[in-house]
2 protein chains.
Amino acid sequence: MSDTNTRARSRSGGRSARRTLRSTRDITMLPGLTRAIPYCEVMDGSQVEKIDAASMDILENVGVQFRDPIAIEDWKRAGAKVVGEMVYLDRGLVRDLISTIPSDFTYHARNPANNLRLGGPHSVFVPMTGAPFLRDLDDVRRNPTLDDLAMFHKLSHMSPALHSTAHHIVEPYDHPISQRHLRITYSSMKHSDKMFMGMTTSPKNAEDVMDMCAILFGEDFIETHPVTTGNCNGNSPLVWDETMLGAMRAFCKRNQPVLCSPFVLGGANTPASVPATVAQLNAEALSALAYTQVIRRGAPAIYGHYLSTVSMKSGAPMAGTPEISLMNFMIGQMARFYGVPWRTSNTLGGAKTFDAQAGYESATTLSSVIHAGANYIWHSAGWNEAGMHCSVAKFVVDAEQCAMAYKMARGPQWHDFDQALAAVPDVGPGGHYLGHPHTQDNFQQAFFMPELFDNNSIEQWMAEGSKEITQRALEYARKMLADYEEPKLDEAKNEALLDYIARREREIPAASELNQTY
Amino acid sequence: MSDTNTRARSRSGGRSARRTLRSTRDITMLPGLTRAIPYCEVMDGSQVEKIDAASMDILENVGVQFRDPIAIEDWKRAGAKVVGEMVYLDRGLVRDLISTIPSDFTYHARNPANNLRLGGPHSVFVPMTGAPFLRDLDDVRRNPTLDDLAMFHKLSHMSPALHSTAHHIVEPYDHPISQRHLRITYSSMKHSDKMFMGMTTSPKNAEDVMDMCAILFGEDFIETHPVTTGNCNGNSPLVWDETMLGAMRAFCKRNQPVLCSPFVLGGANTPASVPATVAQLNAEALSALAYTQVIRRGAPAIYGHYLSTVSMKSGAPMAGTPEISLMNFMIGQMARFYGVPWRTSNTLGGAKTFDAQAGYESATTLSSVIHAGANYIWHSAGWNEAGMHCSVAKFVVDAEQCAMAYKMARGPQWHDFDQALAAVPDVGPGGHYLGHPHTQDNFQQAFFMPELFDNNSIEQWMAEGSKEITQRALEYARKMLADYEEPKLDEAKNEALLDYIARREREIPAASELNQTY
């Protein structure tokens, strides 16, 4: 398999080579990650069964609240015990329903070269979404605009290890909230030919996204091909609300996958125990996964979660803590036990600037979700300040971190082991390898060289302006954007999309309130 | 098992609690880590055998240069084929020799409560050593003094997850280099009752360290109890020099463990291939491990390495790259294959300041060495700028990171699973757990709360002075040092040590040159 990232690196070597790089940057997307390292599994078989049994007990005896009359009627028809808004799910029913969720499937992008398999060993990196602020190209924290969102979609497009443009990476505040989902979706579709996510801010907004996907891909095509992803957050403990369930129905009915994501703040809305938190989260995810199959048997669906622990000082979410890693390992085991692809969150953190805290938090999370074997690795670039801002500097660094994690997860490469070993007697004790032909032919393929880490001497670093990583990353992002070339939409489809948006904008009242928390 | 770190955390909650913390900080050392999560093993059995066979081929056919007449004579007596300084080691001889290295053993500290097991699932965190500069309590980069070294020994003593004071964390430039090892060793012994490392800067210096250990622990005691650790770096490819071999003999003869550490800059002094680099490194480590048993059959020894990849731009060492993680996973497998404890390097990185680069590099490395299952986890706090400086701010943050990794590696805690689950029906859908008795009793044990990460809102953070992690960490370090209490040495032993140092300082000429690179 070719490693485009390493190929891009191979052009870099000194100032003139870097100048060339600017106009020849290889932005080819890395193929979806097919992992070749083992999963970190911290439970034995009996512990997996313990979690499963505890979750099923919760579903049968505690029940899940579906605050949505349509879902309640759906559940009655499906044979669940229903009391008011409370749904009690028999484990047999749950197991039967989730059995039809595909264990893996292929996402289709408008450029088929960017299609991606998901599930089993197949994983993708998706940038963060939902930030009400950004730290911009000058590291200034402010409210974002549609242009800022376009910038992040362009950076996503140009980052080889990012497999999607997501959707509202930042909230475009210069556009009325009630119509925003149309412009967000269009920006995702327009600025990149990778896959993207679909807004689930209301059932009607989700329908609009489905309609726009039908324009871009064809109504028949999306009936049989996943082309986008919706996220539906649960209200832990054990509640699903009308907005999320309605959006879920919009996606499932059109056969588009949703992330069934309990929103867990460990210790605040779950028990103060790692295994018990996982048991509750697992029950919540199963209840929504089962409901996707009530909506449409065989529709793709993804075991999701947002997962944090909370600070006892402030109630604020924390990241990079040991329990979050452990819960990711355990949730991965549960999702594989059920044979369902799973989503996690990457690069989380609570730092207010792109300081060392942000680095520790992000790298710890990235490493853990890779070892956990997550499939849909969301929030993979830009997240900072507990999701309150997306940082341009952090975005490009995180994207490179994903490229490194990608290479690590592919495992050691043995293809030239014998040739490489043959260099050992050639060089001999006390010799140097840099001049050896095998080294010259293979160095850049063998060893990843990060662009955004500075490994020069302090003297060289000072001569180049004593730039910390934030400054270097912002300069790098500016260069990327200067090189951006739009992968043009088909003209007829572009017009149809714009017509659709214009019509819907006439139909939808332009409410002016902000919505930061979707 | 009690988790002292979490107990310390449990006292913290708001400003007045933090004020109390200052006088009651729990500095009890965490017991040596006994891991309960699986190893990340990226090779199958046949690949392990491939590396083993390649390494044995190198030892038999390429040979290893021992630039030391005593070692050459030793090898002849041991039955190796010797041509000049080249030693060719038959695989049968190697396997026989390494078979007597203990697979695990117990380190003894002057406070027996701080004794530590090493090998198999038992690991320890040891701070960095060897920095020619520090970034001090004001984040100023300058040459260190003996007082600065004492400061780091005190911080090591007070960090629950650091299991050792190491030795020359920073180079005390205010003391003549020829006599420095005496003062360094004394500082390690005096400022903490944890274990420490022994200088190997020359065979004679190593003898001095052994003599000082004999004074502190008793000559008979050290004959049968490991009390310190020496590091012997190889010159890759395939060379061991007189200084290191002489120091190795000084330690092994007194039954004290050495780290047999090839010094690998992947691609520069090894082939441009991950598996071939591991094969060469493995051959180098085996040759030194075998030699420890030529010196003294049954002496404890540790499979070591310093491992980096080099930048093609500058030749500088890199850290946090995917290949370093993969090689750590593979080396761990090889060490376990031979049944020998192994050492790796933690928190490496090339950042010039404590910026986000430092955070990413350190956290990536820490995570990888934990998943790799390293036993002697050296350079676990303070390393920055490719080891050119030790940062006070980074030191205390790294120490907390080790405490988090420690908790992660212990795996999920199931002891109160049923009680925690019982809270789920109590709280019910849509409820809150923070007021539940199980939560109140178990929260702080269940979820680690880092002191050095700020997870407050940006408003709160600004109200507290908009402090990035460097500033917060330096304030934290000052508070720790204000609380430091010396664990007094036995008076007679203290006098004997000072007498020994005085005598040796009279005997050793006070050379004035600096030595930054040991």
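Derivation of every value follows stated rules applied to the coordinates shown; laboratory data play no part. Bear in mind the structure is a predicted one, so any value in this text is a computation, not a measurement. Cβ coordinates were reconstructed from backbone atoms using ideal geometry, including for glycine residues, and neighbour counts include every protein chain displayed.
Please list, or write none, the lysines whose alpha carbon is within less than 28 Å of the alpha carbon of B:Lys493, excluding same-chain residues fewer than 8 places away.
B:Lys154, B:Lys190, B:Lys194, B:Lys204, B:Lys253
Based on the Cα coordinates of the protein assembly as shown, what is the per residue volume of their convex hull in Å³?
Details: hull volume 159.2 nm³, N = 1036.
Cα-based convex hull of the protein assembly as shown, divided per residue, equals 154 Å³.
Using Cα pairs under 8 angstrom and six or more residues apart, how large is the relative contact order of chain B, in percent? Could you put the intermediate results ahead of the total?
Working: 1045 pairs, mean separation 101.0, N = 518.
Result for chain B is 19 percent.
Net charge near B:Ile72, counting Lys/Arg +1 and Asp/Glu -1 over other residues with Cβ under 15 Å of its Cβ?
Values: positive: B:Arg67, B:Lys76, B:Arg77, B:Lys81, B:Arg249; negative: B:Asp68, B:Glu73, B:Asp74, B:Glu85, B:Asp241, B:Glu242.
Summing Lys and Arg as +1 and Asp and Glu as -1 gives -1.
Hey, for B:Trp414 with labels 7 Å out along Cα-Cβ, what do the inter-copy distances come to in nm, ordered shortest first?
In ascending order, 3.4 nm.
Helix A:469-483 versus the longest principal axis of chain A: what angle, 0 to 90°, nearest 10, using Cα atoms?
Once rounded, the angle reads 90 degrees.
In segment A:462-491, whose amide N lies under 11 Å from the spot 7 Å out along Cα-to-Cβ of A:Phe221? List them in ranges.
Correct set: A:490.
Distances from B:Gly430 to the same position in the other copies: list them in nm, one decimal, shortest first, using label points 7 Å from Cα along Cα→Cβ.
Here the equivalent label points are 8.0 nm apart from this one.
When DSSP assigns beta bridges and you keep just the ones with both residues in the protein assembly as shown, what percent turn out antiparallel, to the nearest 5?
The answer is about 40 percent antiparallel.
Pairs of alpha-carbon atoms within less than 8 angstrom and 6+ residues apart define the contacts here; what relative contact order does segment A:69-125 have, in percent? Mind showing how you got there, number by number?
Values: 41 pairs, mean separation 10.1, N = 57.
Relative contact order comes out at 18 percent.
Please give the net charge around A:Val294, taking every other residue with its beta carbon less than 9 angstrom from that of A:Val294, where Lys and Arg add +1 and Asp and Glu add -1. Could you put the intermediate results ahead of the total?
On the way: positive: A:Arg77, A:Arg296, A:Arg297; negative: A:Asp74.
Spelling it out: positives minus negatives among the neighbours equals +2.
Report, in debye and to the nearest 20, how large the dipole of the protein assembly as shown comes out about its Cα centre when Lys and Arg carry +1 and Asp and Glu carry -1 on their Cβ. Don't jump to the answer; show the numbers that get you there.
Details: 96 positive and 116 negative charges, 29 e Å.
About 140 debye.
Round to the nearest 10 and give me the degree value, 0 to 90, for the angle of helix A:491-507's Cα axis relative to the longest principal axis of chain A.
Here the helix axis deviates by roughly 40 degrees.
Give the long-range amide H neighbours of A:Asn115: residues separated by 5 or more places, or on another chain, with amide H under 5 Å away, using H modelled in the peptide plane at 1.01 Å from N.
Placed amide hydrogens put A:Ala109 under 5 Å from A:Asn115.
Want the number for B:Glu495 to B:Asp138: 0.36 nm per residue separation, take away the alpha-carbon distance, what's left? List each step's numbers first, then the result.
On the way: separation 357, 0.36 × 357 = 128.52 nm, distance 3.47 nm.
Additional length available on full extension: 125.0 nm.
Report the paramagnetic label zone for B:Glu459: residues of segment A:101-143 whose backbone N is under 17 Å from a point 7 Å from Cα along the Cα-to-Cβ axis.
Once the point is set 7 Å along Cα→Cβ of B:Glu459, A:132-133, A:142-143 turn out to lie under 17 Å by backbone N, inside segment A:101-143.
Between the label point of B:Asp220 and that of the same position in each other copy, find the distances and list them shortest first in nm, with every label point placed 7 Å from Cα along the Cα-to-C-beta direction.
Copy-to-copy label distances at B:Asp220, shortest first: 9.3 nm.
Among rounded, prolate and oblate, which fits segment A:135-288 when a ≥ b ≥ c are the square roots of the eigenvalues of its C-alpha gyration tensor, a/c under 1.5 means rounded, and a/b larger than b/c means prolate? It would help to have the intermediate numbers written out before the result.
Details: a/c = 1.89, a/b = 1.29, b/c = 1.47.
In terms of gyration-tensor shape, oblate.
When the Karplus curve 6.51 cos²θ - 1.76 cosθ + 1.60 is applied with θ = phi - 60°, which whole-Hz ³J(HN,Hα) does each residue of segment A:259-270 get, with x for Gly and Pro?
Whole-Hz 3J(HN,Hα) from phi for segment A:259-270: 8, 8, 10, x, 10, 9, 10, x, x, 9, 10, 9.
What net charge is computed for the residues neighbouring B:Gln419, neighbours being all others with C-beta under 13 Å from the C-beta of B:Gln419, Lys and Arg scored +1, Asp and Glu -1? If you can, show how the numbers build up before the last one.
Numbers: positive: none; negative: B:Asp416, B:Asp418, B:Asp426, B:Asp441.
My count for the surroundings of B:Gln419 gives -4.
Along its principal axes, what span do the Cα atoms of segment A:261-390 show, with the longest given first and each in whole Å?
47, 28, 24
Plugging the Kirkwood radius over Cα pairs into Stokes-Einstein for segment B:157-201, at a temperature of 10 °C and a viscosity of 1.306 mPa s, what D comes out in µm²/s? The partial results should precede the final answer.
Details: Rh = 11.0 Å.
In µm²/s, the coefficient is 145.
With all pairs of different alpha carbon atoms counted, what Kirkwood hydrodynamic radius in Å does chain A show? Before the final figure, lay out each step's value.
Values: mean 1/r = 0.0420 Å⁻¹.
Evaluated on chain A, it is 23.8 Å.
Taking the rotation that carries B onto A, look along its axis and tell me which residue of B has the beta carbon nearest to it, distance in whole angstrom.
That would be B:Gly359, 1, residue then distance in Å.
Grab the DSSP H runs of chain A that are 4 residues or longer, score each as -39,500 (n - 2.57), total them, divide by all residues and round the 222 nm result to the nearest 500 deg cm²/dmol.
Numbers: 19 runs with 242 residues, N = 518.
Helices in chain A give a 222 nm mean residue ellipticity of -14500 deg cm²/dmol.
Counting other C-beta atoms within 10 Å, and keeping those with at most 10, which DSSP coil trypsin sites (Lys or Arg not before Pro) do you find in segment B:343-422? Let's see the in-between values first.
Numbers: sites: B:Arg343, B:Lys352, B:Lys394, B:Lys407, B:Arg410; in loops: B:Lys352, B:Arg410.
When the trypsin sites (Lys or Arg not before Pro) of segment B:343-422 are filtered for loop state and at most 10 Cβ neighbours within 10 Å, nothing remains.
When only Cα pairs under 8 Å and 6 or more residues apart are kept, what is the percent relative contact order across segment A:88-213?
Values: 194 pairs, mean separation 28.9, N = 126.
This gives 23 percent for segment A:88-213.
I'd like the orientation of helix B:417-427 relative to chain B: the angle between its Cα long axis and the longest Cα principal axis, in ° from 0 to 90, rounded to 10.
Between helix and principal axis, roughly 30 degrees.
Rounded, prolate or oblate: pick one for segment A:40-84, where a ≥ b ≥ c are the square roots of the eigenvalues of its C-alpha gyration tensor, a/c under 1.5 means rounded, and failing that, prolate if a/b is larger than b/c, else oblate.
Details: a/c = 3.36, a/b = 2.91, b/c = 1.16.
Judged from the Cα gyration tensor, segment A:40-84 comes out prolate (a/c at least 1.5, a/b above b/c).
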